[in-house]
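Read-outs: derived from the displayed coordinates by stated rules, not from any lab. Only a predicted model underlies this, so the values are computations on that prediction, with no experimental measurement involved. Positions of Cβ are backbone-derived with ideal geometry, glycine not excepted, and every protein chain shown enters the neighbour counts.
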Amino acid sequence: MHIALSARRCVLSSVQQLSGMPYLKYKEPPQNGMHTPGAGHGRLRYTYNTMTPFIRTVTGDIPPEQLGITQPHEHIILLPGKSSQVNAALLLDSPECAILELTDYKTAGGASIVDAQPICVERAPLLLQDISLKSGIRVVATSGFHRACFYPDGHFLFTETAEQLAERIIQEITVGMFDYSANQQTSIKAGVVKWTSEYHHIPPVMQKAAEAAAIAHHRTGVPILTHTEMGTCALEQVELIKKYGVKPSAMILCHVDRNPDKYLHKEVASTGARLVYDGVARTKYWPDSVIMDLIRAMCESGFGDHIMLAMDSASRTIWRHYGYGPGLDYLLKVFVPRLMRIGFSESGVKRLLVKNPALALSFSSDCC
Ligand SMILES: [Zn+2]
């Protein structure tokens with residue numbers, strides 16, 4: 001049973017009491033970027049040369065081999081805000097529901113998850129940490145920026161330079177994520193940086209967000225996770241990020257299965273980029289059979305190391321504990337057994353669920 005909390009202030013204050021996690025003293029990121037403008041590989045300033053790979057979760061850094069079964073694009077908390085104003089189902093405001101849903105996921109074999117909610121879009125770092133501790137599921141949190149439509153006019157996404165935005169992101173990765181509504185910085189660090197494209201185009205503001213993500217990647221080794229609108233612009237995203245000196249293997253492209261074009265996916269994977277098929281059980285886009293055919297085609301063509309699976313659980317209609325279904329454990333309890341019935345081996349499935357996410361989510365200097 002869950003208790004829906006209607007007000008953000010209520011959610012945050014209750015969790016602060018539960019976790020006892022103090023905020024850091026808030027420090028405004030510098031207004032003047034400290035980086036050389038990142039217009040190309042040679043102009044970016046690197047601060048590391050070698051690094052032992054690790055994955056950054058909201059409860060600390062872990063070696064990649066400890067990650068376990070991972071769905072690399074989900075949503076655990078979506079506070080009241082613009083998302084739920086646009087679509088009432090985009091409201092995940094109950095920590096109790098999240099703990100129950102993640103406990104089911106853990107019972108099905110899940111170990112870790114990525115919460116893909118970035119800066120200023122209904123994200124809740126303190127809740128993520130508390131839910132992770134109570135459910136026993138490791139959570140990788142997200143910095144960077146969502147689609148421009150989620151930000152109000154005048155937001156710093158629109159007014160600041162790529163270098164200034166990068167400084168905010170680097171703070172979130174190395175010190176702690178900001179809670180801008182509370183004017184506070186937490187001590188909970190983000191483990192991926194996000195940017196997005198729109199349907200068949202990448203607006204200038206998102207090109208700037210991509211450059212900011214690239215600067216943050218070069219400075220910290222953070223993996224880059226992207227939103228593709230209906231699976232479009234996957235190749236264009238890779239081409240853009242390459243201009244900023246980032247190797248495509250540092251990129252995790254999400255929602256690409258909404259455009260289940262095998263030819264395109266092979267072309268994208270051949271660059272080294274990683275693809276997340278996160279439409280599992282999202283029948284309004286495609287039935288699972290389409291995604292299974294895609295996985296099989298990619299594996300048979302030698303691109304099995306590039307594929308990961310998730311459910312993009314932003315809508316409460318996916319969640320069993322909000323009164324809907326099929327539940328966050330559907331991928332492990334229904335989809336995976338079906339994959340095995342059509343011929344996938346246990347090791348083949350483990351590659352998709354364990355090995356590939358561990359590589360994709362690792363901070364590492366060898367991707368630059
Ligand atoms: Zn999402």
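Would you list, by chain and number, the aspartates and glutamates whose Cα falls below 15 Å from the Cα of Lys194, excluding same-chain residues fewer than 8 positions away?
Straight-line reach from Lys194, under 15 Å: Glu74, Asp115, Glu122, Glu167, Glu172, Glu211, Glu229, Asp312.
Relative to the present Cα-Cα distance, how much length would full extension add between Ser289 and Met230 at 0.36 nm per residue of separation?
That works out to 19.4 nm of additional length.
Running a GNM on the chain with Cα contacts under 10 Å, which residue among Ser187, Ser270, Ser315 ends up with the highest mean-square fluctuation?
Ser270
So for each of 199-209, 273-283 I average, over its residues, the number of other beta carbons within 10 Å; can you give me the resulting order with the highest mean first?
Sorting 199-209, 273-283 by mean packing, highest first, produces 273-283, 199-209.
Please rank Met308, Met340, fewest neighbouring Cβ atoms within 10 Å first, as an exposure proxy.
Lowest count first: Met340, Met308.
Using Cβ counts within 10 Å as a stand-in for footprinting exposure, how do Ile113, Ile55 rank, fewest first? Write down the numbers at each step before the final one.
On the way: Ile113 30, Ile55 27.
Least to most surrounded, the residues fall as Ile55, Ile113.
If we count other beta carbons within 10 Å of each Cβ, what is the order of Asp293, Asp115, Asp104, fewest first?
Asp293, Asp104, Asp115
Setting aside same-chain residues fewer than 8 positions from Lys355, which lysines have a Cα under 20 Å from its Cα?
Straight-distance partners of Lys355: Lys106, Lys247, Lys266, Lys333.
Please list, or write none, the aspartates and glutamates whose alpha carbon is within less than 14 Å of the alpha carbon of Lys262, excluding same-chain residues fewer than 8 places away.
Filter leaves Asp293, Glu300.
Among DSSP bridges having both ends in the chain, what percentage is antiparallel? Round to the nearest 5.
Here the antiparallel bridges make up roughly 30 percent for the chain.
At 0.36 nm per residue, and after removing the present C-alpha to C-alpha distance, how many nm does the segment from Lys333 to Gln85 gain when stretched out fully?
Gain in length upon complete extension: 86.0 nm.
For the pair Glu65 and Lys243, how long in nm is the line joining their label points, each one 7 Å along Cα→Cβ?
About 4.1 nm, to one decimal.
Excluding Asp293 itself, calculate the net charge of residues whose Cβ lies under 13 Å from the Cβ of Asp293, where each Lys or Arg counts +1 and each Asp or Glu counts -1.
Taking every other residue near Asp293 into account, the sum is -1.
Quick one: if you take sqrt(5λ) for each eigenvalue of the C-alpha gyration tensor of the chain, what semi-axes come out, biggest first, whole angstrom?
28, 26, 19
Which whole-number percentage describes the relative contact order of the chain, with Cα contacts under 8 Å and a sequence gap of 6 or more?
Across the chain, relative contact order equals 21 percent.
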